[in-house]
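The values are calculated or read from the model by the stated rules, or taken from the named source; none is laboratory data. Note that this is a predicted model, so its numbers are computed, not measured. Glycine also receives a Cβ, built like all others from the backbone with ideal geometry; neighbour counts cover every protein chain displayed. Accessible surface is based on the protein model in full, side chains and every heavy atom, while ligands, DNA and RNA are left aside. Shrake-Rupley method; radii C 1.70, N 1.55, O 1.52, S 1.80 Å.
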Amino acid sequence: MSVDRADFGAFFAAVRGGQRPFRWQERLLDHILRTGRWPDQLVAPTGSGKTSVVDVHVFAVALMASGHPVRVPRRLALIVDRRALVDDQHEHATSIADQLAEARGGRTVLARMAETLQSLRTGRKDPAERPLSIALLRGGAPPSREWLDDPLSCAVLCATPDMWGSRLLLSGYGSRAQAWPREAGLLAYDTVAVVDEAHLSRQLVTTARRVAELATVAEEPIGVPILQVVETTATPHADAGVAVGVEPNDLAVDEVLRKRLTAPKPVALLPLPSWPIPRSGPARKAGITALTEEAMRLHQRHKSTVGCFVNTVAVAAAVAGELRARGLKTELICGRLRPYDVDRLRPPKSKLLTILGDPNVDVLVSTQSLEVGVDLDLAAAVTELAPGGAIAQRAGRVNRLGRRQTEITVIVPAADLPTGSKSGPYQRDDLAAAHEWLVGRAADPAGLAPWALREPRPPAPALRRDLLQRLELAQSWHLARTSDDLAAPQDDLDLWLSDDLDEPDHEFGIVVRRALPTDEADAVPLLESLPPREHEVFPVSIRWEKEIRFRVKPGSVLVRPGDGRPRALTDDERLHPGRVLRPGDQLVVDDTTELFIAGVVDVDGNDRVDDVLDALDNPGRGDVVLRIERDTAAHRRFLDAIAATTVDPDEPAVVEPELSEIARLLRAHRDELTPRPMVVAATGLLDQPDTEPAGAEVILHWQDSADGELELCRLIVVDLRNATVDDELRQTWTPRRRRVPLRRHADAVAQRVGAVAGRLGLAAELVDVLRRAGLHHDDGKADERFQRLLNADPDQAEPLAKSGVRDARRMRTLRTSSGLPTGWRHEQLSVVRAWPALSALEDDHRDLAARLVGTSHGHGRHGFPHTSEHLVGKHDEVAATLFDEGRWDELIERTHIRWGVWGCAYLEALLRAADGQVSAEGS
């Protein structure tokens, strides 16, 4: 089965509840299919359906898979500087992915789409794989990694500017350094980046387009599409290239679109002497009261949900509290909420954050989180003064369908703002320009209707830097040294990513855990087995990290991807006057920590929040987490079962009782263990006790009870097959308890990477280079010291690639006794052992193949830690030439010249994806 162009309308309607595409969305699809490129600009006023770029992308890739002659990018990155919008886009993309997965096997357009998209892959028969891959890259949340494992698949990535941009620049926030080249390569090739509200991310757009330029200067092209960058805007700019979007004639044809864009949204200005609202004092109370009373007036008049948009979390929490005190059903949403808390307001629990709304909610209070993207249809709104673009977006959440009589009130200063004043993240000059613009909009009956805002446009915010920085070739070479401890830290990426060098808005995460052990020896193993889940992470601006560190308790645990394992935050770090936390870090605190206001993180907060780790039926990764309530029948039965395993609660709480017994207990008593139905079959092991037990581990989490005794508070069944997403673990073991011979693994990787490269359309010479690199990437594992690490039988003739050992403690013991030097890398030795075989190639291709072998796990860019003698254990001429005399560094630089920094990273990503796939399959 296949799809053709005529199926787009049916596909669009199927995933959007019957809605047909607008004409501009059809034109966008046709432009892509005609040219193979996305336009430079997407001209779409608020309310015109910009999230449809996901639908267009998925359909265009499906057409390509069905044989359409034009090559289009396989990956779409949606980038916007709004946490809530990133989550909303991710939800829409996930909905499409779910519908495609559920439709497989039928004859509907979705079923044909699913089958077609599945055909893009290398023919792997994993029923768990969805036809569409989805990733979330948002500060404070654990980054998605699955998109790295299949370069062939159709994918949608939803990201904030710093998370996406740092990855493009080989320095991904929240990722391990070894993952940086993979991420950069896959983002720079076969990807289209759509930057929403591009006027707020001018430096990012400049840098992304510069990366695409630098990719074209390589001597030899890779043969797949180079990164394409799209700006979204409400009005076209003549100097920004090709534009596709809403045209005046569309309004005469698309009645639904005409109502959305032209329905009047009259605006009134409400002067307030106490604005901007201060942090304390009588003026603050007056400001909170004014917002509260105006929201109440609008609700009483319109008898439906109204919005209240403010500029800071503290004001939002205060207004929400005052409205609730006056009897109005009020919901608060801001970017610092956990996804779990936001999910309360989403289907199926609520329809508040949908176009249908929730009639039981009187007022929705929000910061700038809901300015864009979220499909709300509020009856009216009151908002604090904000820059013109923000006001226009807030107005876009009001009367979105164009079917209401509505009004919008803007709280403005009663006098000119003093020099240096600001409101939340907004500067005085931008606020003053918006105030002047709003005076004109208030005199126009159309008010803030989207079509009326084309001229005069909302004033653009002033650039908070002297000039936009251009990334140079030499700087890209510096960034490519991902294995080296560079003098320039990650923070310097702001130069190429941020529009505001004084206050870049990066994020870290805070996670609340019940009964977090105060002893690092207990806390670290627990968090290694049960790391932070996406739904439980509070995103927090890096600007507040010092104030938050000062307030957290001793024993809080820092989870940093580059560190290898969690560790307790030291007292020196907690009280250090400079910056300690980095973008992408996660700080795990005990649930007695008082750091919250109205359920959000605030440096002035004095409230606590609950641990929500096991509040979801399936907390992620396929693991099962069960909270065990004390003195229940299930609790007593579990204690009896655990006692039979001779567990000592004073020892680290990691045990391995018989999995079939755990499975039986879970199935028999799951209703007693949790007040909600629990999906205990998520691993596929728990409903099948006879299944090979190599893929699960049971962890017991103890806590001190009120009577001073230890009590069991959680039992955790971890699906160890998920460890295959860890690149380091995949080097030595498989999810199945069996040993894998080295030659069989190498042959499988070579075959897989050749198939991947061939399906991507790479030149035959590059396919051959990749295949040879796959064949030799693990040659160094034949070293007898590495074989001891794998617990290989010394009498066995054929060396191993993977061991049957799964226990991390056992693996560390084997490493210590192997005789390998600290930091020794098998792929460095692989280069030496493969060099004679690779020398049959032309020099350039030999260099590339050797580079791919040496960097096959993200190391060796540019250097390795060991000299030839430490590497081999004796003198070796090839090793000495490569690693003692500098030839390896020259080889890396020559390949950069020939294929480019990002081209080499892309080829590395293909080999590493093939290796990861084969390892995950048990070969």
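Residue-by-condition table, conditions (1) of a type in the set (Phe, Trp, Tyr); (2) within 21 Å of residue 45 (Cβ to Cβ); (3) in a helix (DSSP H, G or I):
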| position | (1), (2), (3) |
| --- | --- |
| 184 | no, no, yes |
| 194 | no, yes, no |
| 206 | no, no, yes |
| 210 | no, no, yes |
| 215 | no, no, yes |
| 220 | no, no, no |
| 241 | no, yes, no |
Quick one: which residue in 170, 137, 187 is aliphatic (A, V, I, L, M), closer than 15 Å to residue 227 by Cβ and touching a Pro at 6+ places or on another chain (Cβ under 9 Å)?
-> 170
Mind listing just one residue for me: the one in segment 881-917 that is within 24 Å of residue 228 (Cβ to Cβ) and of a type in the set (Gly, Ala, Ser) and, of those, surrounded by the fewest Cβ atoms within 10 Å (Cβ to Cβ)?
-> 913
Which listed residue is touching a helix residue (DSSP H, G or I) at 6+ places or on another chain (Cβ under 8 Å) and surrounded by fewer than 18 Cβ atoms within 10 Å (Cβ to Cβ), from 464, 457, 481, 514 | 457
Those residues that are out of contact with any Gly (no Cβ under 9 Å at 6 or more places or on another chain) and under 25 Å from residue 512 (Cα atoms), I need them from segment 324-334; list them, please.
-> 331, 333, 334
Extreme residue, modelled with the lowest pLDDT, among residues of segment 377-400 that are farther than 12 Å from residue 309 by Cα and more than 31 Å from the chain's Cα centre (by Cα) = 399
Please enumerate the residues belonging to segment 486-505 that are modelled with pLDDT of 85 or more and open to solvent by less than 30 Å² (accessible area, probe 1.4 Å).
-> 493, 494, 496, 497, 498, 499
Residue 199 versus (1) at pLDDT 95 or above; (2) open to solvent by 20 Å² or more (accessible area, probe 1.4 Å); (3) in contact with a strand residue (DSSP E or B) (Cβ under 8 Å, 6 or more places away or on another chain); (4) closer than 23 Å to residue 501 by Cα: which is the lone unmet condition?
-> (1)
Determine whether segment 378-389 contains at least one residue that is in a loop (DSSP other than H, G, I, E, B), farther than 20 Å from residue 425 by Cβ and touching a strand residue (DSSP E or B) at 6+ places or on another chain (Cβ under 7 Å).
-> yes
Would you point out which residue out of 447, 420 is free of Cβ contacts under 8 Å to residues at least 40 places away in the same chain and either open to solvent by 50 Å² or more (accessible area, probe 1.4 Å) or in contact with a strand residue (DSSP E or B) (Cβ under 9 Å, 6 or more places away or on another chain) (or both)?
-> 420
Residue tally, condition assigned to a loop (DSSP other than H, G, I, E, B), open to solvent by less than 50 Å² (accessible area, probe 1.4 Å), of a type outside the set (A, V, I, L, M, F, W, C) and touching a residue at least 12 places away in the same chain (Cβ under 8 Å), over segment 317-355 | 5
Would you please list the contacts, defined by Cβ atoms under 6 Å and residues six or more apart or on different chains, that run from a residue in segment 896-918 that is of a type in the set (Val, Ile, Thr) to a residue that is part of a helix (DSSP H, G or I) and surrounded by 24 or more Cβ atoms within 10 Å (Cβ to Cβ)?
-> 918/749; 918/752
Looking at (1) in a loop (DSSP other than H, G, I, E, B); (2) surrounded by fewer than 20 Cβ atoms within 10 Å (Cβ to Cβ); (3) under 31 Å from the mean Cα position of the chain (by Cα), find the lone condition where residue 359 falls short.
-> (3)
How many residues does segment 406-435 contain that are more than 19 Å from residue 273 (Cβ to Cβ), at pLDDT 95 or above and not hydrophobic (A, V, I, L, M, F, W, C)?
-> 2
